[in-house]
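Here is the structure we will look at, set down as structure tokens.
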Amino acid sequence: MNTVPRAKETEFKGRAVTLNKTEYIKGEGLKPEEYIIEISENGNACITYSDNAGRIYAEQTMKQLSSDGKRVPLCRIRDYPSFYYRGYMLDCARHMFNVDEIKKLADAMALLKFNKFHWHLTDDQGWRIESERYPILNSVSAVRKFSSFGKKKENSAYGRVYTKAEIKEVIEYCGEREIEVIPEFDIPGHTSALLAAFPELSCGKSEIEVKTHQGIFKDVICLSNEKSLEVILNIFDEICELFPGKYIHIGGDETPKAQWEACPECRNEMAKLGINGYKEYQNSFTNKVIEHLEGKGKTCIVWNDAAEGKNLDRRAIVQYWKEKSAPSAEFANSGGRLILSPFTYYYTDYDYNITPLNRTLSFKPEIRGLNEKSSVLGLEVPIWTEYIDSNERLEEMLFPRAAAVAETAWSGKTADYTDFTERFENTEKLLKQIGINAADKSLWKRSRASMPLGWLKFVKDNYSLEYIKWAIK
Ligand code: ACM
Ligand code: ZN
């Protein structure tokens, strides 16, 4: 059967029939998101579903069963997901994609039975959420003076916020496809755009510009300043009013600690709290944000850098991207939960030479040192966009690798390359109908030996001498 992701239980009666009519029945006692499709000799399809998601997924499977919309296999399918959380992430801070492009992506992701859209909306290079409370975020934080990512240089000013109306339109469209939109406001690092509007919230308090290059930047939020917490919670409150979902991503990745080490107020605050480590210091602040958002009924997600501090609130969910399993395993073994996005398998911003489809397909959804598999809530495929500035490039980087992540997130298993690509043929046609073009098949499969060359090419294509000099200075 041609489904991607692979359906759980399939019984194929050996021939095809012409589809006559389709009947939907709400079933009892089914698992969340479950559906059953029964196609009988007379061409009638009877679909039993557990909830709206199950109904939508049955519709998606019906599209995949038929290559011409008329002939369908005489079959019975019972299907439900292995993982509750099946996400995709889009970085709109480095490069923006318009609402129509984001909707088209939601159509594609719904076809693959994804149910979470993690929208990375704030970073050093731009702020993308309209604020009424702090209009300076719309005017100052949203715009960088020029763009210089790798070898590409664009001299004009870039960026704006998504208006609240646009964000609501995306949330509604995704909601109709049972996709929850999870906004990310990344703190306390990756905050240059925020600090450009509020330099007084950084330890150095000096003027900061919205960044024009890729990288990790030293300016971070001063955690000892009461105003920092006040402004950040006010912004989160405004975000919570806009996004109705249960989850909210609060970042926590790649936070340089040098400014806290050099800041007398931060050192005082650490002494007051009796904290020795800067990772724990970061979490003392993050935990206040988690506490506040829990009070609003939200569950926070943080990148697994934050799990390196041992005091992270266990009510948060850790997103594993850095493939250093011990801190995440320890977090999960002591009551926390995980989402897995291992970067050498699932980051689709790397070329196929570095991360071919066969590698993405090969990731077993677990990490070393985990006591209970059930602490893995799900999987997510991220795409960062420093080097992706067109929708065309975005699509070829995401597809078919996002489909491979969908495969494992739904089926719970890795898939054989040939089996997967054969099933994907029909899905690729359906993606084309949506207007999505996957990467050329010649790019999909690579041996491990291609990786070093892939990296060399990536560095050569994306890192100019000028950038390297700038980055190390
Ligand atoms: C990340 O890739 N910095 C989460
Ligand atoms: Zn400080």
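The values are calculated or read from the model by the stated rules, or taken from the named source; none is laboratory data. Given the structure is predicted, the values throughout are model-derived calculations rather than measurements. Positions of Cβ are backbone-derived with ideal geometry, glycine not excepted, and every protein chain shown enters the neighbour counts. Heads up: the accessible areas ignore ligands, DNA and RNA and are worked out on the full protein's heavy atoms, side chains in. Shrake-Rupley method; radii C 1.70, N 1.55, O 1.52, S 1.80 Å.
Give the long-range amide H neighbours of Trp127: residues separated by 5 or more places, or on another chain, with amide H under 5 Å away, using H modelled in the peptide plane at 1.01 Å from N.
Ala142, Val143
Within the range 1-105, what whole-number % of the accessible surface is contributed by carbon and sulfur, with the 1.4 Å probe and all protein chains included in the calculation? Write out the running numbers ahead of the final one.
Details: 2050 of 4590 Å².
Heavy-atom surface of the range 1-105 belonging to carbon and sulfur, 1.4 Å probe: 45 percent.
Test of understanding: extend the Cα→C-beta vector of Leu453 to 7 Å, then name every residue of the range 357-400 with backbone N under 17 Å from that spot.
357-359
Return the whole-Å distance between the Cα centroid of the range 366-404 and the Cα centroid of the range 118-187.
20 Å
Averaged per residue, what accessible area in Å² does the chain show with a 1.4 Å probe, protein chains only? Provide the component values of the computation, followed by the final result.
On the way: 19240 Å² over 473 residues.
Roughly 41 Å² per residue, with all protein chains present.
Which aspartates and glutamates, if any, have their Cα less than 18 Å from the Cα of Lys31, not counting same-chain residues under 8 positions apart?
Cross-link targets: Glu9, Asp51, Glu59, Asp79, Glu178.
Return the sequence-ordered ³J(HN,Hα) values of the range 238-252 in whole Hz as given by the Karplus equation 6.51 cos²θ - 1.76 cosθ + 1.60 applied to θ = phi - 60°, using x for Gly and Pro.
Ordered by residue, 3J(HN,Hα) equals 5, 5, 5, 5, 7, 9, x, x, 7, 9, 9, 9, 10, x, x Hz.
Rounded to the nearest 5, what is the percent of antiparallel bridges among the DSSP beta bridges in the chain?
The antiparallel proportion sits near 40 percent.
Over 32 Å between C-alpha atoms is what I'm after, so list which of Lys257/Lys413; Lys113/Lys322; Lys288/Lys457; Lys113/Lys373; Lys21/Lys298 land there. Present the calculation step by step, with values, prior to reporting the outcome.
Working: Lys257/Lys413 39 Å; Lys113/Lys322 26 Å; Lys288/Lys457 43 Å; Lys113/Lys373 22 Å; Lys21/Lys298 42 Å.
The pairs that break the limit, which is 32 Å between Cα atoms, are Lys257/Lys413; Lys288/Lys457; Lys21/Lys298.
Helix 164-176 sits at what angle to the longest principal axis of the chain, using alpha carbons and giving 0 to 90 degrees rounded to 10?
30 degrees
Starting from the amide H of Phe399, placed 1.01 Å from N in the peptide plane, find each other amide H under 5 Å away whose residue is 5 or more places distant or on another chain.
Answer set, sorted by chain and number: Ala439.
Could you tell me the distance between the Cα centroids of the range 1-78 and the range 229-284, to the nearest Å?
48 Å
Can you compute the equivalent ellipsoid semi-axes for the chain, i.e. the square root of 5 times each eigenvalue of the Cα gyration tensor, sorted largest first and rounded to whole Å? Present the calculation step by step, with values, prior to reporting the outcome.
Working: eigenvalues 321, 117, 91 Å².
Whole-Å semi-axes of the equivalent ellipsoid: 40, 24, 21.
Along the charge dipole of the chain, pointing to its positive end and built from +1/-1 on Cβ of Lys, Arg, Asp and Glu, which listed residue (Thr255, Asn138, Leu379) has its Cα farthest out?
In the chain, that residue is Leu379.
Given R₀ = 45 Å, what would the calculated FRET efficiency be for Asp440 paired with Lys31, taking r from the Cβ atoms and rounding to 0.05?
Values: r = 38 Å, r/R0 = 0.84.
Efficiency, from the Cβ-Cβ distance: 0.75.
Can you work out ³J(HN,Hα) from phi for every residue in the range 366-375, in order, using Karplus 6.51 cos²θ - 1.76 cosθ + 1.60 and θ = phi - 60°, giving whole Hz and x for Gly and Pro?
Coupling constants for the range 366-375: 7, 10, 4, x, 7, 6, 10, 4, 5, 6 Hz.
Residue farthest toward the positive end of the dipole of the range 316-473, with Cβ of Lys/Arg at +1 and Asp/Glu at -1: which of Phe399, Gly336, Trp444?
Gly336
Once you put a point 7 Å from the Cα of Tyr84 and another 7 Å from the Cα of Lys310, both along the Cβ direction, what distance in nm separates them?
2.8 nm
Taking amide hydrogens as modeled 1.01 Å from N in the peptide plane, which residues meet the under 5 Å criterion relative to Trp384, leaving out close sequence neighbours?
When sequence neighbours closer than 5 places are left aside, the close amide H contacts are Thr348, Asp349.
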